[in-house]
Amino acid sequence: MLTAPMPAVLLRMTGPMILGIVAILAFNLIDTFFIGMLGTQALAAISFTFPVTFVVTSLAMGLGAGLSAVIGHTLGQGKHEEAAHLTTDSLFLAVVLVCALALLGALTINPLFRLLGAGEALIALIHDYMLIWYLTVPMLVLPMVGNAAIRASGDTKTPSLVMAVAGLVNGVLDPLLIFGIGPFPEWGIRGAAIATSLSWLMAMLVSLYILRHREGLLRWRLSPRRALLAHWRALLQVAVPASFTNMLNPLANAVLMTIFAGLGTEVVAAYGAASRVEALLLIVMMALSSVLAPFVSQNCGASNPARAKAALLLCMRFALLFQLAIYGLTWLLAPLIATLFSDHPQVVRLIVLYLHLVPIGYGFQGMVMLLASSLNGVRASSISFLFNGMRLFCLLLPGAWIGARLGGEEGVYLGILIANLVAGSLAWFYAHHHFERLCRR
């Protein structure tokens, strides 16, 4: 990451990350598919759990971003032993924080989900699922944070392979434990939680083994008190803003849904379908932003900020060109894609309209994602939080609201597009004029 040609390194790291992201998306889809076969009640129950589980996973993702930043910087300085102590101390803190959050969640399952609007008929199903989820979620957090340390060393293939295998294990166990196939007990929705937990256990054991025996980044003892607190402070400096940044998107999406709801049920349905297509169209940007953070972090640690800036600008140019090519393909296939989701003429028309307008700005949205990840890499996650907050709450939501008032659904789509174009342009300006100075500092 410090000397090889940048395009080759970034391409080699991004490929496996795409596989890992697809595996995580498939993981969630498989769970939802098999639980849906239990009936509407079970599907509604699992749907109520998504906002709560997202809070915990956002914390884990933030801790992973923080660890990736501090480990990458330390490895870039050539301090492998210090990086090992950082990893050990950070994993311990991650487990403590998540266990505390999980204990609180387990004690408040019923009142919390009643507050969220779940009826009494669903509370029992939610309790069956969430109690197991809370008790075993540390087994998810350890591989999530541990894999961030492995990626910080430059290896993106192993973490992605681990998550892909975990997804496969979950997919095999889900029908066996939910429906009681063969010698397995029929546990219903609890079976889905147990299958997920067993797949997490496998991922945790493999990740810890790799960290300890291959990467040499895990020790059996914590650092002395003074060093331990310094390591935690460095981790949380990035992790706390990064965790809140992860929560901005679902919050903004909830507000955006209220704007669409005011325009009619067909508009809501069309946006629900189009947003799923959007996730697929941005997979490469998500993967590239994930690998850019450790690349930037290591090069800043090695006192090479010019290379870090050059990598960021290279990725931004790639984002524009790649997403423009994807937009051309999407524009042509939009009618076919729309009919896969609905046969209602109005919904199909609105999906096609969305796919003809909004994806023009995905390259600019990708530039914001790349800048945000790079800012995490130089431990400036508070600036990353501000950039994402600006795009969503100062540009996108006001633009969508004004667009709805002036031009209906087409106005909302144009508001989203303009917000992405403006935010991406500001991200390019910041990267070009300020990022290297921030790296040096």
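General observations
- Condition met for residue 15 (at pLDDT 80 or above, within 24 Å of residue 319 (Cβ to Cβ) and open to solvent by less than 50 Å² (accessible area, probe 1.4 Å)): yes
- Within the stretch 416-435, if we keep just the residues that are touching a Leu at 6+ places or on another chain (Cβ under 7 Å) and among the small types (Gly, Ala, Ser), the residue that is farthest from residue 319 (Cα to Cα) turns out to be 419.
- When the test is whether a residue is of a type in the set (Phe, Trp, Tyr), open to solvent by less than 40 Å² (accessible area, probe 1.4 Å) and part of a helix (DSSP H, G or I), residue 322 does not pass it.
- Residue 297 meets all of the listed conditions (1) closer than 20 Å to residue 65 by Cβ; (2) modelled with pLDDT under 85; (3) under 23 Å from the mean Cα position of the chain (by Cα) but one, namely (2).
- Residue pairs meeting the criteria (Cβ under 7 Å; at least 6 apart or on separate chains; first in contact (Cβ under 8 Å) with a residue 24 or more places away in the chain and buried (at least 17 other Cβ atoms within 10 Å of the Cβ), in the stretch 215-242; second part of a loop (DSSP other than H, G, I, E, B) and not hydrophobic (A, V, I, L, M, F, W, C)): 215/153; 231/223; 237/379; 238/379
- Hey, residue 376 surrounded by fewer than 24 Cβ atoms within 10 Å (Cβ to Cβ), in contact with a helix residue (DSSP H, G or I) (Cβ under 9 Å, 6 or more places away or on another chain) and at negative phi or not: no
- Residues of the stretch 263-287 classified as in contact with a helix residue (DSSP H, G or I) (Cβ under 6 Å, 6 or more places away or on another chain), under 21 Å from residue 150 (Cα atoms) and either assigned to a loop (DSSP other than H, G, I, E, B) or open to solvent by 10 Å² or more (accessible area, probe 1.4 Å) (or both), total: 2
- Verdict on residue 69 being part of a helix (DSSP H, G or I), in contact with a Gly (Cβ under 6 Å, 6 or more places away or on another chain), open to solvent by less than 30 Å² (accessible area, probe 1.4 Å) and closer than 17 Å to residue 230 by Cα: yes
- Of the residues making up the stretch 200-209, those that are crowded, with 17+ Cβ neighbours inside 10 Å and touching a residue at least 40 places away in the same chain (Cβ under 8 Å) are 200, 201, 203, 204, 206, 207.
- Of all residues in the stretch 288-312, exactly one satisfies the criterion of being among the charged types (D, E, K, R) and buried (at least 22 other Cβ atoms within 10 Å of the Cβ), namely 309.
- Pairs linking a residue in the stretch 74-98 that is without any contact (Cβ under 8 Å) to a residue 60 or more places away in the chain and open to solvent by less than 50 Å² (accessible area, probe 1.4 Å) to a residue that is of a type in the set (Val, Ile, Thr) and not in a loop (DSSP other than H, G, I, E, B), with Cβ atoms under 6 Å and 6 or more positions apart or on different chains, are 94/141; 94/145; 98/141.
- Residues of the stretch 39-65 satisfying the condition of being open to solvent by 70 Å² or more (accessible area, probe 1.4 Å) and either over 12 Å from the mean Cα position of the chain (by Cα) or among the basic types (Lys, Arg) (or both): 40, 41, 50, 51
The values are calculated or read from the model by the stated rules, or taken from the named source; none is laboratory data. Computed from a prediction, not measured in an experiment: that's the story for all the values here. Backbone-built Cβ (ideal geometry, glycine too); neighbour counts: all protein chains shown. Keep in mind that these areas ignore ligands, DNA and RNA; they rest on the heavy atoms of the full protein, side chains included. Shrake-Rupley method; radii C 1.70, N 1.55, O 1.52, S 1.80 Å.
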